[in-house]
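Colleague: Mind looking over this structure? Questions follow.
Nothing in this text is a laboratory measurement; each read-out follows from the coordinates by a stated rule. Since the structure is predicted, the reported quantities are computational estimates derived from the model, not experimental observations. A quick note on method: Cβ atoms are made from the backbone with ideal geometry, for glycine too, and the neighbour counts reach across all protein chains shown.
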């Protein structure tokens, strides 16, 4: 196994990886749920998490608004799971889950007007050309269209004929069978061996060099704790769960991180696309 054969080299390689970093709230991919045009992934240890949508529908208001000499329509891009909203509500109720109501755009992609609608309204001055706007949940994004009153029929005809906006994105999810680094069990083993202690704030602490060496040795002895039969990747995930100061020889793991396993992600991105 690589950890045992190249342990000194691996430890030196970790010098570049142990700088303090924020611990994001982790998604629990093993508990992913699939609904009608929906994918729900809870955060670790909860039944709350984001819902990502796989199909969308553009919806335009019946009436335009008047702004001086111009008219305006805002076209909304809705997840089809909210049309009607009973599909979405039934999915939540049936599974006992809570939607974190996080918009995938702009973090994971972007919306834009189609070339056809841009060409139709190309004569509009800057600041009034077709433009994508941020959505308000569950609307993933909006398209602002300004036009002259006599152009409204042509604009509506184009909206009714097909998409006037596009959505392109990708959410970096992990495969539901991605292996787990069993952080709480590793911590307990190292605590039993006198390497780690837990302070009054609930932080797991130890000497940084001892943590690096003894966790690598444990990965050699009990590779299943680190996710795979070749545990080096899992070991690196584990040690990066600490905030380490190699000069002061300290290693600190937050209570939240210490209480949950960490995934070795097998990427399975969710593609977002309209049309």
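Colleague: Report, as a whole number in µm² per second, the diffusion coefficient that Stokes-Einstein gives for the stretch 93-166 at 20 °C and 1.002 mPa s using the Kirkwood radius over alpha carbon pairs.
Modeller: 152
Colleague: For a quick check, take a GNM of the chain with Cα springs below 10 Å and name the residue from 225, 92, 103 with the largest mean-square fluctuation.
Modeller: Looking only at 225, 92, 103, the largest GNM fluctuation is found for 92.
Colleague: Continuing with the same structure: With everything on Cα atoms, drop me the angle between helix 208-221 and the longest principal axis of the chain, reported from 0 to 90° to the nearest 10.
Modeller: Long axis of 208-221 versus the principal axis of the chain: about 90 degrees.
Colleague: Applying a 10 Å radius around every beta-carbon, put 66-75, 42-51 in order of their mean neighbour count, most first.
Modeller: On the way: 66-75: 13.9, 42-51: 17.2.
Final packing ranking: 42-51, 66-75.
Colleague: Considering only the chain, what is the antiparallel percent among its DSSP beta bridges, to the nearest 5? Numbers along the way, then the final one.
Modeller: Details: 47 of 49 bridges.
Bridges in the chain that DSSP calls antiparallel: roughly 95 percent.
Colleague: For residue 94 and residue 210, FRET efficiency with R0 = 51 Å and r from the beta-carbon atoms, rounded to 0.05? If you can, show how the numbers build up before the last one.
Modeller: On the way: r = 49 Å, r/R0 = 0.95.
The value I calculate is 0.55.
Colleague: Taking Cα atoms, how many degrees apart are the long axis of helix 152-161 and the longest axis of the chain, rounded to 10 and kept between 0 and 90?
Modeller: Around 50 degrees separate the two axes.
Colleague: Hey, what angle do you get for helix 183-192 against the long axis of the chain, alpha-carbon based, 0 to 90 degrees rounded to 10?
Modeller: The helix 183-192 is inclined about 20 degrees to the chain.
Colleague: At a Förster distance of 22 Å, what's the computed FRET efficiency of residue 178 paired with residue 230, Cβ-Cβ distance as r, to 0.05? It would help to have the intermediate numbers written out before the result.
Modeller: Numbers: r = 15 Å, r/R0 = 0.70.
That pair, residue 178 with residue 230, gives E of 0.90.
Colleague: At 7 Å along Cα-to-Cβ for each site, give me the label-to-label distance between residue 55 and residue 266 in nm.
Modeller: So the label points at residue 55 and residue 266 sit 2.8 nm apart.
Colleague: Which three numbers, in whole Å and largest first, are the semi-axes of the equivalent ellipsoid of the chain derived from its Cα gyration tensor as √(5λ)? Could the numbers behind the result be given before it?
Modeller: Numbers: eigenvalues 521, 77, 50 Å².
Those come to 51, 20, 16 Å.
Colleague: Would you please classify the overall shape of the stretch 32-77 from the alpha carbon gyration tensor, given that a ≥ b ≥ c denote the square roots of the eigenvalues, rounded means a/c under 1.5, and beyond that prolate means a/b larger than b/c while oblate covers the rest? Could you put the intermediate results ahead of the total?
Modeller: Details: a/c = 6.36, a/b = 3.03, b/c = 2.10.
Verdict is prolate for the stretch 32-77.
Colleague: Continuing with this model, one more query. From Cα pairs below 8 angstrom and at least 6 apart in sequence, can you work out the relative contact order of the chain, rounded to a whole percent?
Modeller: Working: 496 pairs, mean separation 61.0, N = 275.
The normalised contact order for the chain reaches 22 percent.
Colleague: On to the next question. What distance in nm lies between label points placed 7 Å from Cα along the C-beta direction at residue 72 and residue 245?
Modeller: If labels sit at residue 72 and residue 245, their model points lie 5.3 nm apart.
Colleague: Please report, for the Cα atoms of the stretch 188-233, the Rg to one decimal and the Dmax as a whole number; what are they, in angstrom?
Modeller: 11.4, 35
Colleague: Another question, if that's okay. Residue 199 versus residue 83, label points 7 Å from Cα toward the beta carbon: distance in nm?
Modeller: It is 5.4 nm.
Colleague: Report, largest value first, the span of the C-alpha coordinates of the stretch 33-172 along each principal axis, in whole Å.
Modeller: Principal extents (largest minus smallest coordinate, Cα): 55, 27, 25 Å.
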